[in-house]
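Asks: I'd like to ask you about the structure that follows.
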Amino acid sequence: MSRRKGAEVPTKAKNPLRTLKNLLKFLSNESVAMIVILVLAAIGNGLNLLGPRFSGAAIDAMGLRDLDAVYTSAFKMLAAYVIWAFLTYLTSVLMIRLSQRIVVRMRQRTFDKLVELPLSYLDSHQTGDLVSRISYDIDTINTSLSNDIIQILSSAITVVGSLVMMILISWELTLIFVVTVPISVIFTRYRVRLTRPLFSRRSRKLGDMNGFVEEVLTGHRTIQSYDREDEFTEWFDDQNGTATKAYYEAEYQSSINFPTISLITNLSLAMISMLGGLLFLQGRLTVGALSAFVLYSRKFSGPINEIANIIAELQSALSAAERVFELLDEPSEQNVAQPQPLPLATGKVEFDHVQFSYVENVPVIHDFSLKVQPGQLVAIVGPTGAGKTTLINLLMRFYQPQQGQILIDDVDINQADFVKVRQSFAMVLQDTWLFEGTIHDNI
């Protein structure tokens, strides 16, 4: 019976702040590059905020028929937007390179952890799910790092800067957002709580499907031998349908966010147009100032519209990062602090009243004793599930018995260096695994 299980990913992030803190540790090694990127992004977005001001000045100059002022304002607006576009391109390129360096380190650490994990962990988790963590999950983190960090900074600068500009133009019109912004924030918080579990479930179901595919490919010869292709095809259809449904539910719920926030924003623009028209008729606002205010309101509302999408992407990235950090936090295979020296093996092996179970209270080996003298040839024969492979796993110290001792030349292997223990054996497996490379590399 298989002891493997699917990825135990919670439906809700256990500790998103802790996950974010772990991500920041990877970013801390790139602090200088991050500062440069943030400064460039701040300058670029600052210039972008000057565009509506120059546009409003040009419109008012048209009313005064001052062509020089129109051309001057238009040139300043063009220059600000061109420099902003260049800086945006530059920050994007730098952020992509930075995220790639971070992801390379993260993927290397994840792989290093995988090869250090005890066999008990690998036996209890689907290989496809572990592969999903080092590939799909880290790719999701990479996408978020490449785009979301700069987008969040740009949005923050744009929202604050636009708010200041709108207050300077007309504090009366700005009061409209006192009503619409809280509605957007409340709606966004509600949707975050709703969609976060769905993105976690999507990652888990994809890991389950990858694990199933890996098992089918590994056991393909057995499946064909027993003519079970149709049955496994039906099982995969169920797995694929479940994964697709989880993906659809997450994306469907996420897709509702943007149109709703856009509706709230458009209502605020409608109110700005009505109130702005009244202020213009009263002579308290020029056409250019109203035009600039509308542009600033669009810039102010734009990032708020994108908050739902950004948060959805961050939820997906945090769910993926949590799975990766759960793996990185797993304890590696531990050696004893002060291992007993293991002399050059002469071949004496002893099992002394060994008891072992993979699952608590379900013994596989009970009170097993065996002595093998140097030079003695011993064959262990038994039906499938009798524990033959388990004995080898215990002898190689892949697992440790709950009771009893296993000794090599009168040395308890649990008190010896597990590397020295494994170097004392030569193992020829039933199924030979050929790794990528030459025959010399495999030997």
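The values are calculated or read from the model by the stated rules, or taken from the named source; none is laboratory data. If you're wondering where the values come from, they're calculated on a predicted model, not measured in any experiment. FYI the Cβ positions are ideal-geometry reconstructions off the backbone, even for glycines, and counts take in every protein chain you see.
Asks: Against the definition (closer than 30 Å to residue 302 by Cα and among the hydrophobic types (A, V, I, L, M, F, W, C)), how does residue 213 come out, yes or no?
Replies: no
Here's the yes/no breakdown for (1) among the aliphatic types (A, V, I, L, M); (2) within 19 Å of residue 427 (Cβ to Cβ):
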{"position": "346", "(1), (2)": "no, yes"}
{"position": "355", "(1), (2)": "no, no"}
{"position": "381", "(1), (2)": "yes, yes"}
{"position": "402", "(1), (2)": "no, no"}
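Asks: For residue 246, only one of the following conditions fails: (1) in contact with a Lys or Arg (Cβ under 7 Å, 6 or more places away or on another chain); (2) modelled with pLDDT under 85; (3) among the aliphatic types (A, V, I, L, M). What is its number?
Replies: (2)
Asks: List every residue pair whose Cβ atoms lie under 8 Å apart, where the two residues are 6 or more positions apart in sequence or sit on different chains, the first residue falls within the stretch 262-289 and is assigned by TED's automatic domain parsing to the domain that holds residue 178 and crowded, with 16+ Cβ neighbours inside 10 Å, and the second residue, located anywhere, is among the aliphatic types (A, V, I, L, M) and in a loop (DSSP other than H, G, I, E, B).
Replies: So the pair list comes out as 276/285; 279/285.
Asks: Just one of 104, 115, 32 is over 22 Å from the mean Cα position of the chain (by Cα) and of a type in the set (Val, Ile, Thr); which is it?
Replies: 32
Asks: Next question, about the same structure. Here are the criteria: (1) touching a residue at least 60 places away in the same chain (Cβ under 8 Å); (2) touching a strand residue (DSSP E or B) at 6+ places or on another chain (Cβ under 9 Å); (3) at positive phi. Tell me which single one residue 336 does not satisfy.
Replies: Only one criterion in (1) touching a residue at least 60 places away in the same chain (Cβ under 8 Å); (2) touching a strand residue (DSSP E or B) at 6+ places or on another chain (Cβ under 9 Å); (3) at positive phi is unmet by residue 336, namely (3).
Asks: Let me ask something else about it. Would you point out which residue out of 47, 122, 67, 117 is assigned by TED's automatic domain parsing to the domain that holds residue 37 and in contact with a helix residue (DSSP H, G or I) (Cβ under 7 Å, 6 or more places away or on another chain)?
Replies: Criteria check complete, one pass: 47.
Asks: Does the stretch 342-356 include one or more residues that are free of Cβ contacts under 8 Å to residues at least 12 places away in the same chain and in a strand (DSSP E or B)?
Replies: no
Asks: In the stretch 137-240, which helices (runs of 4 or more DSSP H) lie fully inside it and hold 1 or more residues that are modelled with pLDDT under 85?
Replies: Counting at least 1 such residues, we get 138-169, 176-218, 220-225.
Asks: Mind listing whichever residues of the stretch 111-135 are assigned to a helix (DSSP H, G or I), farther than 22 Å from residue 201 by Cβ and not aromatic (Phe, Trp, Tyr)?
Replies: Within the stretch 111-135, 112, 113, 114, 115, 116, 119, 120, 122, 123 qualify.
Asks: Determine if the stretch 11-22 includes at least one residue that is at pLDDT 80 or above, surrounded by 15 or more Cβ atoms within 10 Å (Cβ to Cβ) and of a type in the set (Val, Ile, Thr).
Replies: Among the residues of the stretch 11-22, at least one is at pLDDT 80 or above, surrounded by 15 or more Cβ atoms within 10 Å (Cβ to Cβ) and of a type in the set (Val, Ile, Thr), which makes the answer yes.
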